[in-house]
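Below you'll find the structure, written out as C-alpha cells, and then a few comments.
The values are calculated or read from the model by the stated rules, or taken from the named source; none is laboratory data. Predicted model, so just to flag it, every value in this text is computed and none were measured. Because the Cβ atoms are built from the backbone with ideal geometry, glycine has one as well, and the counts that use them run over all protein chains shown.
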Amino acid sequence: MQTLWPFLYNIFAFASFAAYGPFLVMFYQSLDFSGAQIGLLTGLSPLLMLVAAPLWTGLADSRRIHRLVMSLNLVGTALLLLLLPGLRLFWPILAVMILMQVFYSPLTALADSATMHMLGERRHLYGRIRLGGTIGFGAAAAAAGWLVQLHGLRATFWFGALMVMLALLLSQKLVHSPAAPAAADTASLRRLLTNPRWLIFLGAAFAGGLGTAATNTYLFPFLKELGAPESMMGYAMTIGTLSEVPILLLGSRLVKRLTPYRLFMLGVAITGARFLLFALAQSATLILFLQLFNGLTFVAMWLGGVAYAHQNAPSGYAASAQGMLNAMVFGIGTAVGGFSGGILLDALGGRGMYLVFGLVILGIAMLAALLRTRFPPSAPQTPTL
C-alpha cells in the first residue's frame, strides 16, 4: 500500500492538467485574444511559481503541515477551474489564472517529496510510481479531445476540476517526512543555494521549463496550424504519454547507469533536438511520430532532476529542494516559454517558434555542460553535486 497511494494520486493529479491544459491556448483563441494577451496569460501566471512554490514548500517543511498545504491548494485549484468557463474578458481570466498558478505551484514538489519518503530505501522505484501520472495524463488527454468535440472547450475545465477533487481524496493517504529542520540545517541550505553546480542545475531546469511550455501550451495550436482535428490532438498527447512508459519502467536502471544529473541533461538536450525536428515538419502525421520520443525528453529530465534534487537536499528540506526544481521548470521556465511562445507563434508560426526554442534549449544545455567542468564537486556536506 505504501506504493499504491502515490501511484493512484499521480493518476488523477496528472489527469487534472491533461484535461484542460493543452486546450488553454485554443480557449484563449476562441475568445479572440491577441498573441500578446495569450503570451501574457501563459507567461505571467507561471512566473508566480518562482515565488509561490518555495514559499508553500518552505511553510510545509518548517511547520510540518504538508497535508494541510496540499489540501488547501487542491481545493483552491478545483474552485478556480469551475470559475473559468463562465469568464469571457481578458483581465478576469488573467486574475484567475494567476491565482490558480499560486495554488497549483507546490503540488508536484509536495507529492514527489512524500513519494520519496514513502519509498524509503526503494527510492529507485520512483519511476514506476510516476507511471501513474503517465497513465492518467494519457487517458485524460484522449478523453478531453473527445469532450471538446462533443461539448466544446469549456467542458475541459469541469473535467479538470473533477480530477483535482479525486486527487484531493487520495492525497490524504500520502505520508510526508516527519523530520523538522534543525536550526543547524539552515547553514547547509545556504550552502546549497550558493553552490555553483546546484545553480547550473537550476539553470538547465529553466531550459526544461521552456520545453515544457512549448509542448504543453503550443503543441495543439501547432497541430491546428497543420490542419489536425481535435481528436488527433488528443491522440498526439496520448502517444506522447504512452512513450513515457518504457522510460519510467527502466528509470531505476537509467539513473544508476547514467547518474541522475546525466539523465536530467540528456532529457534537456533531446528536448531541444526534437523541437528542431518539429520545425521541419510539413504534416501533423510527422508530429504524431515525433511524439514517440516524448519519453526521452520530459520524463528523462524529470526522473533525473527529482533524483538529483533529493540527493542534494539538506536534512529536513526535501520538499524545499523539490520546490526549487519545480519553480525553475514550471515557474520561470514555463513563464518565459509561455510569454515568448505566444509572440513567436504570432510572428513566425509554429515551425519558426519551435526552431527558436530548439536552438535556445540546446544552447543552454551546452553552456551548462561547459560551466559544470569549471567547478569541481563541492565539499563533503553535499557530495553528490
Consider I129 against the criteria (1) among the β-branched types (V, I, T); (2) buried (at least 24 other Cβ atoms within 10 Å of the Cβ); (3) closer than 17 Å to G21 by Cβ: it satisfies all of them except one. Which criterion is unmet? (3)
Just to be sure I understand, how many residues within region 20-39 are modelled with pLDDT under 90 and within 21 Å of the chain's Cα centre (by Cα)? 8
If I filter region 62-76 for residues that are in contact with a Gly (Cβ under 9 Å, 6 or more places away or on another chain) and of a type outside the set (S, T, N, Q), do I get at least one hit? no
Take the conditions buried (at least 20 other Cβ atoms within 10 Å of the Cβ) and part of a helix (DSSP H, G or I) and apply them to Q101. Does it pass? yes
If you scan region 190-201, which residues turn out to be surrounded by fewer than 20 Cβ atoms within 10 Å (Cβ to Cβ) and more than 13 Å from A369 (Cα to Cα)? R190, R191, L193, T194, N195
So, first residue more than 22 Å from L47 (Cβ to Cβ) in region 106-124, second residue basic (K, R) and assigned to a helix (DSSP H, G or I), Cβ within less than 6 Å, six or more apart or across chains; the pairs are M116/R123
Checking T57, T77, T42 in turn, the sole residue that is surrounded by 16 or more Cβ atoms within 10 Å (Cβ to Cβ), under 20 Å from the mean Cα position of the chain (by Cα), modelled with pLDDT of 90 or more and assigned to a helix (DSSP H, G or I) turns out to be T77
Residues of region 80-105 being among the hydrophobic types (A, V, I, L, M, F, W, C) and either within 25 Å of F264 (Cα to Cα) or touching a residue at least 24 places away in the same chain (Cβ under 8 Å) (or both), in sequence order, are L81, L82, L84, F90, I93, L94, M97, I98, M100, V102, F103
